[in-house]
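The values are calculated or read from the model by the stated rules, or taken from the named source; none is laboratory data. In this text, all values refer to a predicted model and were calculated from it rather than measured experimentally. Glycine gets a Cβ as well: all are built from the backbone with ideal geometry, and neighbour counts include every protein chain shown.
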Amino acid sequence: MTSPAPSNREANYTLALLLLAYILSFIDRNVMAVLIGPIREEFSISDFQYSLLHGFAFSMFYIVLGLPIARLADRQNRKIIISIGIFCWSLMTCLCGAAKSFTALFATRIGVGVGEAALSPAAFSMLSDLFPRDKLARALSIYSLGITLGGGLAYVVGGAAYAWFASMGEVRLPLFGDVSAWQMTFIAVGAPGLLLTLLLAVLKEPVRQQTQTSTELGVEPDASLASVLAQLRQHWLAYLGVMGSLSLLAILGYGTMAWYPEFLIRTFDLPRHSAGTQFGMIFLIAGSLGTVAAGWCVQPLMIRGYEDAPVRIILAVALLWLIPATLGPLASSATVALLAAVPIVFCLNAYYGVGVAALQFITPNRMRAQISALLLFMTNFFGLALGPSAVALLTDYAFRDDALLYASLATLPVLVCPAAAALAAVSLRAFRRAQVPV
């Protein structure tokens, strides 16, 4: 049975609020990328230790809690789950500004990850109930703009905020005491999320749309864990192609996001604010274009008979990304490196939205939050936890020189892009067979 479709106004308003939440989540998680120098200096830590703060501390609970929270999202009120998550991560981002030790900052970064684990699985499920299949890939690509807009603003706003607070010197705040410029930056980017919580709390929970009855699909109404596992086993190659390729590309994506501005600083002596602002603007513009362009390509390809269009796009992105991602860090000047960042960032953001849409095409309604959470688990384990650390490990232990960060960035795409393309290619036929009937 199919419930009455929501109005376009309701669907678009919900999409706008979820997009704003996703933007803030990426600002809060990625603002550390422009604070590498001050944080390393404050706590006297290495690149690898910093990477633990940026990636591992955030991701260790983000990827684990996403799975049980997604089970709640498949059964309970999703907008309440999202509202609680936004409040939690925003508060913990502000508390990063109170950290006086490496351990304290590590703990608050864990808290940011705990809160953000509540957003995307529930959001994916909500959007799949608000938009019909022919418009879902575009809606999810618009939602995925949060990655580029939030990631770009993290560099632009974070760099500008740090420069402004640095010009003020140390500030004394109630409850926080004396705080430095990098701590004030955390507080400034975390506070807006506390206000967004109120808007999400009054949002209407969409009615769950069922494409087929549970009996026809052989799926329990509440999608038990056994049913989810049976679905994954039955179509294992289709899910492996999507989740595996996205996970490998996430290593390169998060590694690039975490270290490309620092590469510009170390290799070409760009001022920290300038590197953050310029890379951030590229991320905003080229990244957003990549996200939207990939999402908009799905429907025309499907009209032409390519039922596996999302996976074909992932395959193409993996192959196209390899060249600029390898050559960009080897550039002879900051100008060339920044020009190379345009196609790098375009590809970095082109694959994820269509990958999420691909999962919705092959997953029954009551399983979508849980299987989306599994995708987030994999992409964030490989991407967030391993991406920044993979670059740092190459720098610290393979090349053994902070100045050779560029070599680490150039090596990573050679390792991951061909493997991601291969996984996508071998799963095309299985993906076509696995699609859930409309």
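See the values below:
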{"read-out": "Conditions (1) in contact with an Asp or Glu (Cβ under 7 Å, 6 or more places away or on another chain); (2) under 25 Å from PHE56 (Cα atoms): number failed by ASP178", "value": "(2)"}
{"read-out": "Near pairs, Cβ below 9 angstrom, 6+ apart or cross-chain, from the range 264-289 (under 15 Å from THR335 (Cα atoms)) to any residue that is at pLDDT below 90 and charged (D, E, K, R)", "value": "ILE265/ARG272; ARG266/ASP402; ALA275/GLU262"}
{"read-out": "Boolean, ILE80 is touching a residue at least 40 places away in the same chain (Cβ under 8 Å), surrounded by fewer than 24 Cβ atoms within 10 Å (Cβ to Cβ) and within 20 Å of the chain's Cα centre (by Cα)", "value": "no"}
{"read-out": "Any hit, the range 117-132, residues being farther than 18 Å from ALA258 by Cα and without any contact (Cβ under 8 Å) to a residue 24 or more places away in the chain", "value": "no"}
{"read-out": "Selected residue [at pLDDT below 80 and not hydrophobic (A, V, I, L, M, F, W, C)] from GLY159, GLY177", "value": "GLY177"}
{"read-out": "Residue match in the range 369-387 (condition: hydroxyl-bearing (Ser, Thr, Tyr), under 25 Å from TRP259 (Cβ atoms) and in contact (Cβ under 8 Å) with a residue 60 or more places away in the chain)", "value": "yes"}
{"read-out": "Qualifying residue in the range 219-230 (condition: assigned to a helix (DSSP H, G or I), over 23 Å from the mean Cα position of the chain (by Cα) and modelled with pLDDT under 80)", "value": "yes"}
{"read-out": "Total residues in the range 48-64, condition of a type in the set (Val, Ile, Thr) and closer than 12 Å to ALA258 by Cα", "value": "0"}
{"read-out": "Selection status of PRO324, part of a helix (DSSP H, G or I) and either crowded, with 23+ Cβ neighbours inside 10 Å or modelled with pLDDT under 95 (or both)", "value": "no"}
{"read-out": "Selected residue (only one of ARG40, ARG75 is basic (Lys, Arg) and either touching a residue at least 24 places away in the same chain (Cβ under 8 Å) or crowded, with 23+ Cβ neighbours inside 10 Å (or both))", "value": "ARG75"}
{"read-out": "Residue in the range 129-150 that is assigned to a helix (DSSP H, G or I), of a type in the set (Asp, Glu) and surrounded by fewer than 18 Cβ atoms within 10 Å (Cβ to Cβ) present", "value": "yes"}
{"read-out": "Enumerated helices (runs of 4 or more DSSP H) restricted to the range 36-127, each holding at least 2 residues that are of a type in the set (Val, Ile, Thr), modelled with pLDDT of 90 or more and closer than 19 Å to TRP182 by Cβ", "value": "102-116"}
{"read-out": "Residue count for the range 162-194, restricted to those that are crowded, with 20+ Cβ neighbours inside 10 Å and in a loop (DSSP other than H, G, I, E, B)", "value": "0"}
{"read-out": "Which numbered condition SER101 fails, given (1) closer than 19 Å to ARG172 by Cα; (2) buried (at least 17 other Cβ atoms within 10 Å of the Cβ)", "value": "(2)"}
